[in-house]
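Working notes, beginning with the structure itself.
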Amino acid sequence: MMNTSPEPPLANRAPWPLFIGLGMALVVPAAVIGYSQLRGDSSGSTDVGALQDLAELQARLRPIPACRVEYGVRGGRHGSSSSVRVWPCGAERLDFVSVKVPEERRTQDVVFDLVRESPSEPWQVLVDKDRVAFPSLKRTLEQLAPVLVEDAPKETERVRLERDALSRAEAAREDAERARREETKGSYPSQ
């Protein structure tokens with residue numbers, strides 16, 4: 001005969017299902033928010049890139065060799081008014097270059113993203129219209145356009161050359177290590 005003990009009263013049971021449910025209720029929203037910030041999504045942002053008042057700026061910004069540009073401090077987490085983050089088309093989220101903004105062209109309290117799928121497309125100009133006045137946005141874009149058009153290609157190329165040099169140096173180190181191991185394999189006499 002099998003000895004079975006009665007189930008413990010509810011008060012004595014482990015509350016694991018409750019802990020798991022509460023944990024999911026807290027973790028899932030935090031993860032979604034964190035992922036959207038990592039991707040650079042700006043909740044509350046509106047695309048104002050098609051406004052006629054920005055047509056001339058769209059033409060001036062078109063030659064930038066990038067598909068994403070971020071400017072401004074975002075809730076203290078990242079961003080700056082002293083530099084602009086620029087992502088070449090096809091770059092990973094962490095593969096941006098920073099373009100330094102001269103002090104006289106910096107603007108405080110203006111935050112925006114420029115986004116497009118390819119260099120042949122116009123920019124989406126994403127901005128929180130409740131926090132950034134249009135005249136401030138337009139003035140900031142006008143101040144940054146020459147810096148971006150002139151310096152973004154140079155900085156992108158400089159970073160590319162630097163990464164290529166690092167890759168070549170790493171490949172040379174790996175080749176040298178592989179050759180050393182091959183040389184070492186047969187270097188001892190037989191016993």
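Being exposed (fewer than 11 other Cβ atoms within 10 Å of the Cβ) and not in a helix (DSSP H, G or I) is the filter; apply it to region 45-76 and report the residue that is modelled with the highest pLDDT.
Within region 45-76, the match that is modelled with the highest pLDDT is Gly75.
Take region 99-138 and flag every residue that is among the aromatic types (Phe, Trp, Tyr) and open to solvent by 30 Å² or more (accessible area, probe 1.4 Å).
Quick first cut of region 99-138, residues among the aromatic types (Phe, Trp, Tyr) only: 112, 123, 134.
Once the filter is applied, which keeps residues that are among the aromatic types (Phe, Trp, Tyr) and open to solvent by 30 Å² or more (accessible area, probe 1.4 Å), region 99-138 yields only Phe134.
Taking the conditions exactly as written (of a type in the set (A, V, I, L, M) and open to solvent by 40 Å² or more (accessible area, probe 1.4 Å)), does Ala152 satisfy them or not? Explain how you work it out, then say what you get.
On the way: of a type in the set (A, V, I, L, M): yes; open to solvent by 40 Å² or more (accessible area, probe 1.4 Å): no.
The answer is no for Ala152.
When Val147 is evaluated against the numbered criteria (1) within 16 Å of Gly49 (Cα to Cα); (2) in contact (Cβ under 8 Å) with a residue 60 or more places away in the chain, which criterion, by number, is the only one it fails?
Result: Val147 passes all but (1).
Here are the criteria: (1) open to solvent by less than 70 Å² (accessible area, probe 1.4 Å); (2) more than 18 Å from Thr46 (Cα to Cα); (3) assigned to a helix (DSSP H, G or I). Tell me which single one Ser167 does not satisfy.
With (1) open to solvent by less than 70 Å² (accessible area, probe 1.4 Å); (2) more than 18 Å from Thr46 (Cα to Cα); (3) assigned to a helix (DSSP H, G or I) applied to Ser167, the lone miss is (1).
Please work out if Arg93 is open to solvent by 30 Å² or more (accessible area, probe 1.4 Å), charged (D, E, K, R), within 19 Å of Val147 (Cβ to Cβ) and at pLDDT below 95. Please lay out each step first, then the result.
Working: open to solvent by 30 Å² or more (accessible area, probe 1.4 Å): yes; charged (D, E, K, R): yes; within 19 Å of Val147 (Cβ to Cβ): no; at pLDDT below 95: yes.
Answer is no for this residue.
Test of understanding: among Leu114, Leu126, Leu141, Leu137, which residue is in contact with an Asp or Glu (Cβ under 6 Å, 6 or more places away or on another chain) and touching a residue at least 40 places away in the same chain (Cβ under 8 Å)? Full working, then the answer.
Working: Leu114 fails: in contact with an Asp or Glu (Cβ under 6 Å, 6 or more places away or on another chain); Leu141 fails: in contact with an Asp or Glu (Cβ under 6 Å, 6 or more places away or on another chain); Leu137 fails: in contact with an Asp or Glu (Cβ under 6 Å, 6 or more places away or on another chain).
It is Leu126.
Taking only region 93-140 into account, find how many residues are outside any loop (DSSP other than H, G, I, E, B) and under 20 Å from the mean Cα position of the chain (by Cα). Before you say what the answer is, go through the steps one by one.
Step one: filter region 93-140 for residues outside any loop (DSSP other than H, G, I, E, B), giving 97-100, 103-105, 112-115, 124-127, 134-140.
Remaining after also requiring under 20 Å from the mean Cα position of the chain (by Cα): 97-100, 112-115, 124-127.
Total satisfying the criteria: 12.
Identify, by number, the condition in (1) small (Gly, Ala, Ser); (2) over 17 Å from Arg62 (Cα atoms); (3) surrounded by 10 or more Cβ atoms within 10 Å (Cβ to Cβ) that Gly186 doesn't meet.
Every condition holds for Gly186 apart from (3).
The values are calculated or read from the model by the stated rules, or taken from the named source; none is laboratory data. Because the structure is a prediction, the values reported are computed rather than measured. Quick reminder, even Gly has a Cβ in these numbers, built from the backbone with ideal geometry, and neighbours come from all protein chains shown. Surface areas here come from the heavy atoms of the whole protein model, side chains and all, with no ligands, DNA or RNA. Shrake-Rupley method; radii C 1.70, N 1.55, O 1.52, S 1.80 Å.
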